[in-house]
Amino acid sequence: MNQKSKKLNAIVSEYGAFIALAALVIILSLISAEFRQPSNLLNLLRQASFNGLIAVGMTCVILSDGIDLSVGSTFALSAVVCAELLMAGFPAFASIIIALIVGTLLGAISGLLVTKGRLQPFIATLITMTAYRGLAMIITDGKPISRLAANISSESGAFLFKLIGKGNIASSFNPDLKIPIPAIILVLVFAIFYFILNRTCFGRRIYATGSNEKCATLVGVNTTRVRIMVYSISGFLAALAGLIMISRVDSAQPTLGDGYELDAIAAVALGGTSMSGGRGKIIGTVAGVLIIAVLNNGLNILEVTSYYQDVIKAIVILVAVLSDSKR
């Protein structure tokens, strides 16, 4: 009996997030016919892309025993920079690349505050979260920037800009079902970071840094470099998510990404990554992202107010963190 209990506990520990996801999808499908429509499920994948990209970067940061509260503000500031460049007449491709570089540098600044400044990750990224949001407000004067695609002079640039947020690829099984480009980008990013974390020296160094930084340093791991790189990765992916967002809505606002750090942390925690670092899998983050997306989508369909949604998300995070503590 004890052996069976151990096996059951091992299965729940390994696949608990996917079991919860399956249960949630089944329940919502039974409650709402609208939820189980193919068009809604594809739209759910598009919505999941924003949180998914940010959550991948957050996974790397948390695995290294850090946390990044600035991802929502990085999301906004990078998007605003891209929008301002487009409005100033810069080519779309150049604007996108510059915005991604800006996001990477913003993440690196957080990493430098943690490593060179010796600040706690929570404090360091709280500072950058506030500063980056303020910069986004200053650049835009607190006003939205609209009609971005209309201000792109070249047709190829306008096509590229629209593609990353609004593009679709027709399914070979059913031409009427169109797979969103943001969902494809998300799958590619998950695949890349699955390989990095499981098959590369850099991935092993991330785990080593989060598990025991002193021991990692003694065996030759440059933990300072690792931490700066994971925060840079987080900033890059937050910027990418921001670009997909402004492409989709054709406007940029300084308030974009507000609260996105909560969803990203929730997804990572739900996926089984330890909040104390050193343990977790990117595949678990996939399940966590989908749980948050299904939860948001289902609650919106059921017309649950945003106030209750925030409370539900907080409870989800609490359950995930308590489960991690128990493990």
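Amide H contacts of N168 (H built 1.01 Å from N, in plane; Pro and chain starts excluded): I181 sit under 5 Å, all sequence-distant by 5 or more or on other chains. Normalising the average separation of contacting C-alpha pairs (under 8 angstrom, six or more residues apart) by the number of residues puts the relative contact order of the chain at 33 percent.
Placing a pseudo-label 7 Å from each Cα along the Cα-to-Cβ vector at S251 and I101 gives an inter-label distance of 3.0 nm. Across bins of 10 angstrom width beginning at 0, how are the C-alpha pair distances of region 36-256 distributed, in whole percent? Bin by bin from 0 Å, the calculated values are 9, 31, 32, 20, 7, 1. Accessible area per residue for the chain, computed on protein heavy atoms with a 1.4 Å probe, is 49 Å². Per-residue SASA remark: C215, around 70 Å² accessible (1.4 Å probe; ligands, DNA and RNA not included).
Rounded to the nearest percent, how much of the accessible area of region 36-256 (1.4 Å probe, protein heavy atoms only) is carbon and sulfur? Accessible surface attributable to carbon and sulfur in region 36-256 totals 65 percent. Springs between Cα atoms under 10 Å define the GNM used for the chain, and in it the highest mean-square fluctuation of D263, D68, D141 occurs at D141. Couplings 3J(HN,Hα) for region 224-232, derived from phi with the Karplus relation 6.51 cos²θ - 1.76 cosθ + 1.60 (θ = phi - 60°), are 4, 5, 4, 5, 4, 5, 5, 5, 5 Hz, where x marks Gly and Pro. For the set K214/K281; K143/K313; K116/K313; K143/K166, the pairs lying more than 26 angstrom apart at their alpha carbons are K143/K313; K116/K313. For the chain, the 222 nm mean residue ellipticity estimated from helices alone, with every DSSP H stretch of n ≥ 4 adding -39500 (n - 2.57) and the total spread over all residues, rounds to -25500 deg cm²/dmol.
Accessible surface of I246, taken over heavy atoms with a 1.4 Å probe and every protein chain present, rounds to 0 Å².
The values are calculated or read from the model by the stated rules, or taken from the named source; none is laboratory data. This structure is a prediction, so every number in the text was calculated from the model and none was measured. We place every Cβ from the backbone using ideal geometry, glycine too, and count neighbours over all the protein chains shown. Remember, those area values only see protein heavy atoms, side chains included, never the ligands or the DNA or RNA. Shrake-Rupley method; radii C 1.70, N 1.55, O 1.52, S 1.80 Å.
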